[in-house]
Amino acid sequence: MRRGLPGAAAVVAMLAGLSAGGFTTADPAGVEVAAIRAAPPGACKTREGRAFIPAGEVSLGEDGPGRPGRAVTVAGFWLDRHEVTNRQFAAFVDATGYVTQGERDGASAVFVQPEHLSGMDDAGQWWKLVRKANWRRPHGGGADDLAHADEPVVHVAYADAAAYARWAGGRLPTEAEWERAARGDQSGPRAPQAWAYDDDGKPTANTWQGDFPLAQSNEDHFTGLAPVGCFSPNAFGLVDMIGNVWEWTASAAGTSGVERLIKGGSFLCAFNYCANFRPAAWQAQEEGIGTSHVGFRVAYEKAA
Ligand SMILES: [Ca+2]
């Protein structure tokens, strides 16, 4: 479980049906962008804008004692303090008329907590293709979809994230940039769980407490996505680098040309599954697939 995610191949196989001609009913309707932009602010306060990540070295892949990683030098850059929210993405759509991959497909992959489980190999037990699920309605419709303006945008494919980043005047961070930023200038080995739990075992990020995927004890107070900024920032002033949503990076995964690295883990990462709530972890994600647990933030070459 150090690298990749058990069952990830099953997810990819299931979702591949989308691009192979699964659902084709384009239905971009949903919550109006004006309503998302005008929604009251979320309960958690966070600083807006970008944080400067100074030039320095990152021990890429350092993953606790005995796993030192390799030294990579990263030039200074700026990074969004928080994951791009639905409110921000709505401003982008308002300005450009952009339609996401999930809206064109007419369906997207949503985590649905199962009532029963037959082993852990088949991720299709908790990943479901939901018609009309897209960034405007993360669950595919209903009252659950109406109050998420300050949660991270999800159901965005790689091209969707990259398009937003260009519009915002930036780009997606590389793996090394992302990992240096996530470590918050921390140096030296750190126990893997220390990125998401304090010394007393109290959550410091939005992950999954309990036996995934059947039960949550919910010590972090969020059963699903959290609004950005509900947990303390790291030393660079960044929130939610660990947990909440996986984040797209610009770095390719392997040589297939169709997968990118995602980093940070999500609200679905538990000790018994995934456990990727730490900077070293990564997963390969097919570029054309958005899901309910992958978002992004933007890197920039200048302060504003
Ligand atoms: Ca949680």
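Quick rundown of the values:
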| quantity | calculated |
| --- | --- |
| Which numbered condition residue 121 fails, given (1) under 23 Å from residue 207 (Cβ atoms); (2) in contact with an Asp or Glu (Cβ under 7 Å, 6 or more places away or on another chain); (3) part of a loop (DSSP other than H, G, I, E, B) | (2) |
| Strands (runs of 3 or more DSSP E) wholly inside segment 234-304 that include at least 2 residues being at negative phi and of a type in the set (Gly, Ala, Ser) | 246-252 |
| Options 156, 228; residue that is over 19 Å from residue 275 (Cβ atoms), within 15 Å of the ligand (Cβ to nearest atom) and either outside any loop (DSSP other than H, G, I, E, B) or at pLDDT 95 or above (or both) | 228 |
| 3 or more residues under 19 Å from the mean Cα position of the chain (by Cα) and either modelled with pLDDT under 85 or within 17 Å of residue 183 (Cβ to Cβ) (or both): qualifying strands (runs of 3 or more DSSP E) within segment 1-97 | 77-80 |
| Evaluation of residue 215 against (1) hydrophobic (A, V, I, L, M, F, W, C); (2) away from the ligand (no atom under 16 Å from the Cβ); (3) surrounded by fewer than 17 Cβ atoms within 10 Å (Cβ to Cβ) (one fails), failing number | (2) |
| Pick from segment 261-293, criterion within 16 Å of the ligand (Cβ to nearest atom) and in contact with a strand residue (DSSP E or B) (Cβ under 8 Å, 6 or more places away or on another chain), ranking: nearest to residue 176 (Cα to Cα) | 264 |
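The values are calculated or read from the model by the stated rules, or taken from the named source; none is laboratory data. The structure presented is a predicted model; accordingly, all values stated were derived computationally and were not measured. Cβ sites come from the backbone with ideal geometry, for glycine too, and all protein chains shown count toward neighbours.
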